[in-house]
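Just below is one structure, and these are the notes that go with it.
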Amino acid sequence: MNKIESFKIDHTKISKGMYISRIDGDIVTYDIRMVKPNMPPFLENDGIHSFEHLLATFMRNSEYSKNIVYVGPMGCRTGFYLLVRGLSHEDVLELTKNAMIYIANFTGDLPGSSAAECGNYLDHDLNKAKKYASNMSYVLKNWSVENLNYEK
């Protein structure tokens, strides 16, 4: 079998931040790296789960909702993938920065967190999600399009 593209990236050189992971036709995959790979502590499942609900809800309710293809966690628990089409890197970066601020300051009921709406509704931690977002907001504060490429 061929090695998939994400396994060809040297994970020892990835830091917290946001990167262009790959471009497939009109779909761009972004790597929102919230934890340095292979450096515990990793994101915890209950916090990831709540973060995912808020990130997906925010992005799919933004002015770019029709451009959002997928938002989801990495299995390694170091970040999230964001797949979009038809958006500039500037717009995606700004949307992501705004999402981090939204999540960090979120109050109220977690979207999609009832048994009828979620397949694992008991596995949530809003406070962890807010902490993760606050940290990423700080990391991305001065992030620019020039920073979106992985270090070689």
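The values are calculated or read from the model by the stated rules, or taken from the named source; none is laboratory data. For clarity, every value in this text was computed on a predicted model and none was experimentally measured. Here Cβ is always computed from backbone atoms with ideal geometry, including for glycine, and neighbour counts include all displayed protein chains.
Candidates are the residues of region 1-43 that are exposed (fewer than 13 other Cβ atoms within 10 Å of the Cβ) and of a type in the set (Asp, Glu); the one that is farthest from Tyr70 (Cα to Cα) is Asp10. When region 129-152 is filtered for residues that are under 12 Å from the mean Cα position of the chain (by Cα) and among the hydroxyl-bearing types (Ser, Thr, Tyr), the ones remaining, listed by number, are Tyr132, Ser137.
The requirement of being surrounded by fewer than 18 Cβ atoms within 10 Å (Cβ to Cβ), among the small types (Gly, Ala, Ser), under 21 Å from Ser134 (Cβ atoms) and touching a residue at least 60 places away in the same chain (Cβ under 8 Å) is not satisfied by Ser62. On the stretch given as region 104-152, residues that are surrounded by 11 or more Cβ atoms within 10 Å (Cβ to Cβ), of a type in the set (Ser, Thr, Tyr), touching a residue at least 12 places away in the same chain (Cβ under 8 Å) and in a loop (DSSP other than H, G, I, E, B) total 2. The residue pairs whose first member lies in region 1-22 and is acidic (Asp, Glu), whose second member is outside any helix (DSSP H, G or I), and whose beta carbons are closer than 6 Å, counting only pairs six or more residues apart or on different chains, are Glu5/Arg22. Evaluate the following for Phe51: is it at pLDDT 95 or above, buried (at least 18 other Cβ atoms within 10 Å of the Cβ) and at negative phi? Yes: the conditions hold for Phe51.
Which count do you get for residues in region 34-55 that are of a type in the set (Val, Ile, Thr) and touching a Leu at 6+ places or on another chain (Cβ under 7 Å)?
Within region 34-55, residues that are of a type in the set (Val, Ile, Thr) and touching a Leu at 6+ places or on another chain (Cβ under 7 Å) number 1.
Based on this model, can you work out whether Tyr81 counts as of a type in the set (Ser, Thr, Tyr), within 28 Å of Phe7 (Cβ to Cβ), surrounded by 14 or more Cβ atoms within 10 Å (Cβ to Cβ) and at pLDDT 95 or above? Taking the combined requirement at face value, the residue satisfies it. Take the conditions (1) in contact with a strand residue (DSSP E or B) (Cβ under 9 Å, 6 or more places away or on another chain); (2) closer than 18 Å to Lys141 by Cβ; Asn105 misses just one of them, which is (1).
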